[in-house]
Amino acid sequence: ERLEMDRDEAIAYFTNLGEKYKAEIIGDIPAGETISLYRQGDFTDLCRGPHVPRTGVLKVHRLMKVAGAYWRGNSKNEMLQRIYGTAWATKDEQAAYLKMLEEAEKRDHRRLGKELDLFHLQDEAPGLIFWHAKGWALWQVVEQYMRDVYNDNGYEEVKAPQLLDRSLWERSGHVGEVP
């Protein structure tokens, strides 16, 4: 069942249910926005949906993994459980999806970077790459190729600072995206 509420009504609704995280997320939405919710039995969640007309059409499902996550990506906040799952109308659709995930894993840059000794990551610098010699040589080849493409198509290259104030990341929506 789809429900719509204004922002303040939705905040009060989830606060009364003891759903402080949902209430906080809704609080970030500008006043005047309509909030769409979906109810399934006793469970109500934020959702733009609909994704399926009813859950009865989902015949095949699988729990993929569980993981811990700090609320809003901040280790000073409470640790939550993140549950990953998938549901499909048929086994064939699920098999195709699982095959796609398997193929994507083979091309995962984090795994390939380590296996091919291209780069490494450091916990102290989330989202930043520490290039090894082979990886940096590869980067330079790709970079030069792209410069040639840009020049051939009339584009000019510019350079932006790498260190920026947090407010820019807040404005762009990237705060909390990088652990």
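Overview of results
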item	result
Residues that are among the charged types (D, E, K, R), in a loop (DSSP other than H, G, I, E, B) and within 16 Å of the chain's Cα centre (by Cα), drawn from the stretch 67-118	108
Any hit, the stretch 34-43, residues being among the aliphatic types (A, V, I, L, M) and assigned to a helix (DSSP H, G or I)	no
Restricting the stretch 75-91 to residues that are among the basic types (Lys, Arg) and closer than 29 Å to residue 55 by Cα, the residue that is modelled with the lowest pLDDT	82
Scope the stretch 65-88; condition exposed (fewer than 12 other Cβ atoms within 10 Å of the Cβ), of a type in the set (A, V, I, L, M) and over 18 Å from residue 19 (Cα atoms); matching residues	66, 67
Pairs where the first residue, in the stretch 44-62, is within 27 Å of residue 21 (Cα to Cα) and the second is among the small types (Gly, Ala, Ser) and in a loop (DSSP other than H, G, I, E, B), C-beta under 9 Å, 6+ apart	52/89
Considering residues of the stretch 89-130 that are out of contact with any helix residue (DSSP H, G or I) (no Cβ under 9 Å at 6 or more places or on another chain) and of a type in the set (A, V, I, L, M) only, the residue surrounded by the most Cβ atoms within 10 Å (Cβ to Cβ)	98
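The values are calculated or read from the model by the stated rules, or taken from the named source; none is laboratory data. These figures come from a predicted structure and were not determined experimentally. Quick reminder, even Gly has a Cβ in these numbers, built from the backbone with ideal geometry, and neighbours come from all protein chains shown.
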